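> Handing you a structure now.
The values are calculated or read from the model by the stated rules, or taken from the named source; none is laboratory data. Keep in mind that this is a model prediction, so the values were computed, not measured. Here the Cβ positions follow ideal geometry from the backbone for every residue, glycine too, while neighbour counts run over all protein chains shown. Keep in mind that these areas ignore ligands, DNA and RNA; they rest on the heavy atoms of the full protein, side chains included. Shrake-Rupley method; radii C 1.70, N 1.55, O 1.52, S 1.80 Å.
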Amino acid sequence: MTLSFFDQFMSPSFLGIPLMAIALTLPWVLYPKAHSQWVTNRYMTLQGWFINRFTQQLLLPLNVSGHKWAALLTSLMLFILSLNMLGLLPYTFTPTTQLSLNMGLAVPLWLATVIIGMRNQPTIALGHLLPEGTPTPLIPVLIIIETLSLFIRPLALGVRLTANLTAGHLLIQLIATAVFVLTPLMPTVALLTAVLLALLTLLEVAVAMIQAYVFVLLLSLYLQENV
């Protein structure tokens, strides 16, 4: 029974063919393409307003050179958000519960920010490894600690997203199983558990949105240090 709880995180396949590619490309089908007409429908207007507001808020602390990342960060936010939200539907698969996918997104983007900092302003980029006013005996120790913290950043990005979504999905499945088991035995307790399940589902929706925003926000902060 315990192993079946983790079956939902297995990559789906059909006739031996992995369906991960379909799960990754499905979110882009839900977003309509922009067209050259002046008058659009409400959905396109709402979508454009959300993207503009998010991009403005995300790039507010960045200087002009960091605005080149606007399209990339906004697309990444919509992509992760769509995957997280679609994974909450019944009989669906959440690709962002796979650590390999999250690390595949976190490591290249983090490495790109580090390379940009080393190329454009190497002195300032290396200066982050040693805070100003550090006592001389602590300099080697702090350099080692700051270097380790620099390389832990992509791991923290991937593990945070994976752990939060995995824990939420497991909790929802455990409580849903409890509702089905308790319904014929104790209907009152089952009803209270169902209310708890509904509240937990709303919380998981909020977690799915917040984790997508936090992932992109941390990347923008790493970019801010290097541009």
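> Only one of Leu111, Leu89 is surrounded by fewer than 15 Cβ atoms within 10 Å (Cβ to Cβ) and in contact with a Pro (Cβ under 8 Å, 6 or more places away or on another chain); which? Give the derivation first.
Details: Leu89 fails: in contact with a Pro (Cβ under 8 Å, 6 or more places away or on another chain).
None of the other options fit; the residue is Leu111.
> Looking at the range 196-211, can you tell me whether even one residue there is part of a helix (DSSP H, G or I), closer than 30 Å to Ile124 by Cα and open to solvent by less than 50 Å² (accessible area, probe 1.4 Å)? Steps first, please.
Looking only at the range 196-211, we keep the residues that are part of a helix (DSSP H, G or I), and these are 196-211.
From what is left, the residues that are closer than 30 Å to Ile124 by Cα are 211.
Narrowing the set further to residues that are open to solvent by less than 50 Å² (accessible area, probe 1.4 Å) leaves 211.
Yes - at least one qualifying residue is present in the range 196-211.
> If a residue must be open to solvent by 80 Å² or more (accessible area, probe 1.4 Å) and of a type outside the set (A, V, I, L, M, F, W, C), how many such residues does the range 46-66 contain?
Total meeting the criteria: 4.
> Does Ala34 meet the test of being assigned to a helix (DSSP H, G or I) and either at pLDDT 80 or above or farther than 26 Å from Gln224 by Cβ (or both)?
Values: assigned to a helix (DSSP H, G or I): no; either at pLDDT 80 or above or farther than 26 Å from Gln224 by Cβ (or both): yes.
Judged against the criteria, Ala34 is not a match.
> Separate question: What pairs can you find where one residue is in the range 124-144 and over 23 Å from Val227 (Cβ atoms), the other is exposed (fewer than 13 other Cβ atoms within 10 Å of the Cβ), and their Cβ atoms are less than 7 Å apart, with a gap of 6+ or different chains?
Leu142/Pro131; Leu142/Thr134
> In the range 150-170, how many are open to solvent by 80 Å² or more (accessible area, probe 1.4 Å) and over 17 Å from Leu81 (Cα atoms)? Lay out the reasoning, then the answer.
Here is the first cut: in the range 150-170, the ones open to solvent by 80 Å² or more (accessible area, probe 1.4 Å) are 151-152, 155, 160.
With the extra rule that they be over 17 Å from Leu81 (Cα atoms), the set shrinks to 151-152, 155.
Matching residues across the range 150-170 total 3.
Conditions tested, residue by residue: (1) modelled with pLDDT of 80 or more; (2) part of a helix (DSSP H, G or I).
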| residue | (1), (2) |
| --- | --- |
| Trp38 | no, no |
| Arg53 | yes, yes |
| Gln56 | yes, yes |
| Leu60 | yes, no |
| Trp69 | yes, yes |
| Leu81 | yes, yes |
| Phe93 | yes, no |
| Leu101 | yes, yes |
| Val114 | yes, yes |
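> Next up: Which members of the range 171-188 meet the condition of being open to solvent by 60 Å² or more (accessible area, probe 1.4 Å) and either part of a helix (DSSP H, G or I) or in contact (Cβ under 8 Å) with a residue 40 or more places away in the chain (or both)?
At the first step, the residues of the range 171-188 found to be open to solvent by 60 Å² or more (accessible area, probe 1.4 Å) are 171, 174, 180-181, 183-188.
Correct list: Leu171, Leu174, Phe180, Val181, Pro187, Thr188.
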